[in-house]
Structures are given as structure tokens and as C-alpha cells.
Amino acid sequence: MRILITGAFGQLGTALTEALINKYGSKSVVATDLHIRDTFNCETLKLDATDLEALDEIVRTHQITQIYHLAAVLSAKGELEPLKTWDLNNSTFFNVLEAARLNDVRKVFFPSSIAVFGADARNQITSNDFPLNPTTVYGISKVAGEQWANYYNAKYNMDVRCLRYPGLISYQSLPGGGTTDYAVDIFHKAIKGEDFECYLRKGTQLPMLYMDDAIDATIRLMDAPKKAITRVGYNIQGMSFSPEMIAEEIRKNIPKLTVVYNPDNRQKIAESWPVALDDTPARMDWGWEPEYDLKRMTEEMLYRLDQKKR
Ligand code: AKB
């Protein structure tokens, strides 16, 4: 097994790369990103995933057998430069698909998102098969990504698998450019004893997932036998909450946390996403079962961030 990760220093990449090194050993993992640091105990290479030649060379010379393609511009940042975002999110995934096809790499992981859904999915527990009507360029690129995954699977007998991640909450690194980022930022402010200015309105409930569960889901999906996989993209979630719900949970440990609500353009994006997801197919097909609810996730985040501070 030789695994290549793009976007290895992003929010998901930081935790997933560590988990893959722990599971398969440092010699089995090659971490890549546009800007690299010396923090992983594995080969780490600078890579611009828009460069097919460079990507192809790494896949070939390192005899890669699986690719996790995590590099992408997220929802809120994507709306600032829609065409550039479309171009970047799609061209990097095309390059990954092509580099995989050319080098006979069958298994590829593509992170999809709750952003594949639109406002028609908002007020319900959204099922896996609910119509995909994205409103952001990020969401459109995720729908296209799932469709291209289907295409490569059917035409080239590849095995591209996608998870529709909700907002991811982690202590290891900060997210950047997403609509759900507030749910991480609030912990950092709370632990520093600072007030938190929330860019979403009270009552804006969204599906979320603690990073340990996200890692578990990703590895479970990729480990599942091909015959168990019934669709290209799977809904998953661990919990669903609004800003005041998470603030209330944090106040059980840090009572003086003050939140000021000052909604910005991210409010509109949040209102175009589901409140919660039905993840039954993931549970049925490959045994998905999250361990962290709002209470457990909050305790763990506060504990981990406090440890980091010391
Ligand atoms: C974002 O907010 O853009 C991401 C996502 C839900 O895909 N965290």
C-alpha cells in the first residue's frame, strides 16, 4: 500500500495524514501540499495539484496505489472568486483522476460536502438521495466531482469513493474559508477567555462532525469491500447544532463566554444547507457509527485545546 495525500496540511489533511501514517506506517504515506512543513513522519513533498505532470511523476515514481485528494477551496472563500474556485477545484480533481488512470491506481478518495444540497433540503433530515441543487460554486464543484467519480468508475473501472462531510471540528488545526468554521473558532476564543463574534445568526442549525469520527468514517469507507459500496457519495454526520447550542454547551465549562451575533454573507450559504443529514446508507453499507455528540465533542475540544496551551 502506497498512499498519496494532496492538501495534507489542511484541516482534514493534518489529522488524516497522521491517522494513515499510524495505520499503514510512515513508509506507506506520501504527504503533499502547496506549502509544506516538516511535521509529518513521512515523505513530504511540495506539489501544486494543478500541475498534472508533477502529480503524475510523484504517482509514478512513488508507486502510489491509493490517492486521497483533499486540496480544495471551501465554500465561503469560493464565493469571493467563483470562476477561479471552479477552475481550481475541478482541475486538481481531474489531474488526480488522470494521474490515477494513467498509473493504474484504482482507489481514489474525494471529499464531497453537505454543500451538494440546496435550500430545498434545508428544513428536513436530508436523505442520501435527496436532489442535489447546490447554490455555491464550491457545492457545484462537489456535485461535479461526484459525477466525475461515477464516470471514471463506470468507464475506466476505477474505485473512486466520496464522503459528504458536514462541518468538521478539530483541535489539531484551524479550518479556513468555510461556512462552518465558526464552530472551531468559538473554542479558541472561549479557551483564551475572549468574547466570540459569530457570523451566523442564532438558530442557524447545521450538521457537524468531530474530526476523530471523520477520520474513522474515511478509513472505514476506503477499507470497505467494493461489493458493499452501493453509491459514489455517502452522507455522514455526528451531530447538528446552532451557534447558541454550542455556546451553551461550552458555557457548562467556561461560564463567562460571551457571544455577539453579527451575521455576514456566510449566513446565506448556511441557510442553503441542510439542518441535518440522514446517513442510513453509510451505516448499512460499511458500518458507520459516530462516537461524538455535541456534549462529548465539546468536552474533548476544551480538554485538547487546554493541553495544547500548556
Ligand atoms: C465549508 O464550510 O465550506 C465546509 C463544508 C461544510 O464543506 N466545512
Given R₀ = 41 Å, what would the calculated FRET efficiency be for N157 paired with T258, taking r from the Cβ atoms and rounding to 0.05? 0.15
How high is the relative contact order of the chain, in percent, counting Cα pairs under 8 Å that sit 6 or more residues apart? 19 percent
Inter-label distance for N150 and T39, nm, one decimal - labels placed 7 Å from Cα along Cα-to-Cβ: 3.7 nm
Please state the equivalent ellipsoid semi-axes for region 30-142: what are the square roots of 5 times the Cα gyration tensor eigenvalues, largest first, in whole Å? 29, 16, 13
If you filter region 17-60 for trypsin sites (Lys or Arg not before Pro), then keep DSSP loop positions with at most 16 other Cβ within 10 Å, what is left? R37
Given 0.36 nm per residue, what is the gain on full extension from K77 to N123 after removing their alpha carbon distance, in nm? 14.1 nm
Between helix 211-223 and the chain: long-axis angle, C-alpha atoms, 0 to 90°, nearest 10: 30 degrees
Sort the following peptides by mean Cβ neighbour count (other Cβ atoms within 10 Å, averaged over residues), highest first: 169-177, 301-309. 169-177, 301-309
Could you give the dipole magnitude of region 173-230 about its Cα centre, charging the beta-carbon of Lys and Arg +1 and that of Asp and Glu -1, in debye to the nearest 20? 300 debye
Longer than 28 Å from Cα to Cα, which of K155/K226; K46/K189; K27/K155; K252/K309 are they? Say none if no pair is. K46/K189; K27/K155
Taking a cut-off of 23 Å, what percent of all Cα-Cα pairs in region 147-252 are separated by more than that? 40 percent
Extension reserve of the D51-R283 stretch, reckoned as 0.36 nm per residue once the Cα distance is removed: 79.8 nm
What is the Cα radius of gyration of the chain over 2.2 N^0.38 Å, N being its residue count? 0.96
Between D87 and M245, what length in nm is gained on full extension when 0.36 nm per residue of separation is reduced by their alpha carbon distance? 53.2 nm
Quick one: if the Förster radius is 51 Å, what FRET efficiency do K202 and Q63 give, using the C-beta to C-beta distance and rounding to 0.05? 0.45
Quick one: give the max-minus-min coordinate of the C-alpha atoms of region 211-294 along each principal axis, largest first, in Å. 50, 30, 16
What angle, in degrees between 0 and 90 and rounded to the nearest 10, separates the Cα long axis of helix 182-192 from the longest principal axis of the Cα atoms of the chain? 60 degrees
Mean 1/r over all different Cα pairs, inverted: what Kirkwood radius does region 116-184 give, in Å? 14.0 Å
Could you pull out every residue, at least 5 positions away or on a different chain, whose amide H is within less than 5 Å of the one on L45? Hs are placed 1.01 Å off N in the peptide plane, and Pro or chain starts have none. A31, T32, D33
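Read-outs: derived from the displayed coordinates by stated rules, not from any lab. Keep in mind that what you see is a predicted model, and the values were worked out from it rather than measured. Here Cβ is always computed from backbone atoms with ideal geometry, including for glycine, and neighbour counts include all displayed protein chains.
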